[in-house]
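The values are calculated or read from the model by the stated rules, or taken from the named source; none is laboratory data. All values reported here derive from a predicted model rather than from experimental measurement. Don't worry about glycine lacking a Cβ; one is built from the backbone with ideal geometry, like all the others, and counts go over all protein chains shown.
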């Protein structure tokens, strides 16, 4: 058959799986094989066959990226070619979260979009979730592939310890448990967030759309991020060199906002400094010198207000979502003190009113997005308490009331009433 015809066939998302198997069985690393390995119709056994050859070439790389690729085969290939190494746990300090059981309900809208129809791999890459491992992007969206972010980490732990992927964790044998480190066992027993383990212990970067989460931001980390972005979003970056991304650095408690691709590809952490913002909510100065002092300022109870929770409300900040409806329900059912919250520590996050400039345009300011037309109405009541979440590291984050905060700052008001969710309550509404 003519080579050009074969090329057109393997590049077609409806290409029969038999042809893709035949192409990959040749064991070559030519362009036809590379496209065959990327095809969304390529069956798992063909992709596994490619990876079991243990070669670090392009056809293997494409096979590992394909969302049909068996997770165990992908992880074993990563280890075989040296892209995943056993972590040095002495370099990390992992905080155990007792009875960790975070819901995994992200991307409902995306799930509805792809449900019931074929979607090409390139298209799914624009909206999917990824792990960046040694500069390569690996799909981590369970709605399209086999596993989400947590599942990929768990499968990695099982694979490096030669434990079957379909095993019931509660039925691990004593011999299998002996293979696992205490930290790995904590992940499998839901006492440690697998995603945090992946970032802290394995050095992976977690990605969701244009948001990137990493434990540190060294030159090597940045190189992995830029290579991974180009791997996952090559078409988007080539068509829009001004594409921007957000990076959250866990260890430094920093966020780099709207970093252009042309800055990222320089792979220089110092070039990112103009986009850096310290996460000011991460210390308790938001409410005075400490939490104890803040409690002393409490004046009224939250049951003074009606906490309506009929409509669905979600607050999304970087890589996390907070269910405001559930938060209001908790406050309504468990009344608490209303406190006086200082806005001083939130100035960098609260946007200023846009100012008109020449040409009918407006000068925009950074911060949490708000609707200024809504702010000027009586609907925004400055007497209604802001809801503040207590994260697992004891940092505080306002999750409801940003329009009130923007209105207060615009009027020169320096504090607002607020109610505090406990760490346990925050865990119930965060995902």
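Miscellaneous remarks
- Residues of the stretch 356-381 satisfying the condition of being outside any loop (DSSP other than H, G, I, E, B) and at pLDDT below 70: 356, 358, 359, 360, 362, 363
- The stretch 403-431: number of residues that are closer than 23 Å to residue 253 by Cα, in contact with a helix residue (DSSP H, G or I) (Cβ under 9 Å, 6 or more places away or on another chain) and crowded, with 19+ Cβ neighbours inside 10 Å: 5
- Criterion violated by residue 200 - all others in (1) under 21 Å from residue 317 (Cβ atoms); (2) touching a strand residue (DSSP E or B) at 6+ places or on another chain (Cβ under 9 Å); (3) modelled with pLDDT of 85 or more satisfied: (2)
- Any hit, the stretch 132-139, residues being surrounded by fewer than 19 Cβ atoms within 10 Å (Cβ to Cβ) and assigned to a helix (DSSP H, G or I): no
- Across the stretch 196-218, the qualifying residues are those that are in contact with a helix residue (DSSP H, G or I) (Cβ under 6 Å, 6 or more places away or on another chain) and part of a helix (DSSP H, G or I), and the one among them that is surrounded by the most Cβ atoms within 10 Å (Cβ to Cβ) is 198.
- Test: residue in the stretch 151-172 that is buried (at least 22 other Cβ atoms within 10 Å of the Cβ), touching a residue at least 40 places away in the same chain (Cβ under 8 Å) and in contact with a strand residue (DSSP E or B) (Cβ under 7 Å, 6 or more places away or on another chain): yes
- Listed by position, the helices (runs of 4 or more DSSP H) enclosed by the stretch 36-85 that each have at least 1 residues that are at pLDDT 90 or above and either buried (at least 20 other Cβ atoms within 10 Å of the Cβ) or in contact with a strand residue (DSSP E or B) (Cβ under 8 Å, 6 or more places away or on another chain) (or both) are 44-51, 58-65.
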